[in-house]
Amino acid sequence: MMNFSIGQLAKKSALTVDSIRYYEKIGLLDKPQRTAANYRYYSEQQLADLLFVKHCRELGITIQDIQKLKQLAANPQQTCMQVDDLIDQYLADVSQKIKNLQHLQQDLSHLKQQCSQHRTIEQCGILKELQQPLECEHAAHQHKKAPHG
């Protein structure tokens with residue numbers, strides 16, 4: 001079984017030493033063994049745990065939810081329904097973000113159509129449009145101009 005220094009662990013995981021120490025501090029990574037000289041030494045299991053945390057973070061999973069997943073993983077005989085439910089929540093969030101970005105894209109495309117490149121700043125339809133008050137139709141960045149009056 002191999003042991004790694006914190007620098008080696010950082011290199012193998014492509015994380016910073018500070019990130020590793022942070023994950024230790026908040027309990028996502030078990031405290032490492034220490035040498036007689038008080039250096040940290042990490043096991044292959046700790047490397048695997050760190051890669052699990054990194055993968056979860058890359059998927060946008062919160063630290064709180066990673067802690068839940070680790071707790072669930074510690075009981076391998078139970079059903080994975082809670083894990084499925086958690087991922088379903090993230091899928092719903094991603095779907096909503098995609099809708100919001102599509103609305104934002106539409107809003108920006110509409111804004112772009114308000115001007116041509118052959119106008120002066122004074123005539124710029126984009127700047128004029130941006131100066132108009134907006135009212136939200138919904139939280140997904142779909143805006144309509146407020147009525148003048």
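Assorted remarks:
- Hits in segment 21-48 (condition: closer than 18 Å to Met1 by Cα, surrounded by 14 or more Cβ atoms within 10 Å (Cβ to Cβ) and touching a Lys or Arg at 6+ places or on another chain (Cβ under 8 Å)): Pro32, Arg40, Tyr41, Leu47
- Residue list for segment 25-45, filter: closer than 13 Å to Ser13 by Cβ, without any contact (Cβ under 8 Å) to a residue 40 or more places away in the chain and under 23 Å from the mean Cα position of the chain (by Cα): Leu29
- Any chance Leu15 is within 16 Å of the chain's Cα centre (by Cα), at pLDDT 95 or above, of a type outside the set (D, E, K, R) and not in a helix (DSSP H, G or I): yes
- Note on segment 1-20: among residues that are of a type in the set (Gly, Ala, Ser) and within 24 Å of Ala74 (Cα to Cα), the one that is surrounded by the fewest Cβ atoms within 10 Å (Cβ to Cβ) is Ser19.
- Restricting Gln82, Gln117, Gln96, Gln102 to residues that are open to solvent by 100 Å² or more (accessible area, probe 1.4 Å) and either at pLDDT 85 or above or hydrophobic (A, V, I, L, M, F, W, C) (or both) narrows the list to Gln82.
- In segment 26-33, the count of residues that are at pLDDT below 90 and among the basic types (Lys, Arg) is zero.
- For Ser95: the one exception among (1) small (Gly, Ala, Ser); (2) more than 30 Å from Lys12 (Cα to Cα); (3) in contact (Cβ under 8 Å) with a residue 24 or more places away in the chain: (3)
The values are calculated or read from the model by the stated rules, or taken from the named source; none is laboratory data. Worth saying up front: this structure is predicted, and the values here are computed from it rather than measured. Glycine also receives a Cβ, built like all others from the backbone with ideal geometry; neighbour counts cover every protein chain displayed. Ligands, DNA and RNA are excluded from the accessible area calculation, which covers all protein heavy atoms including side chains. Shrake-Rupley method; radii C 1.70, N 1.55, O 1.52, S 1.80 Å.
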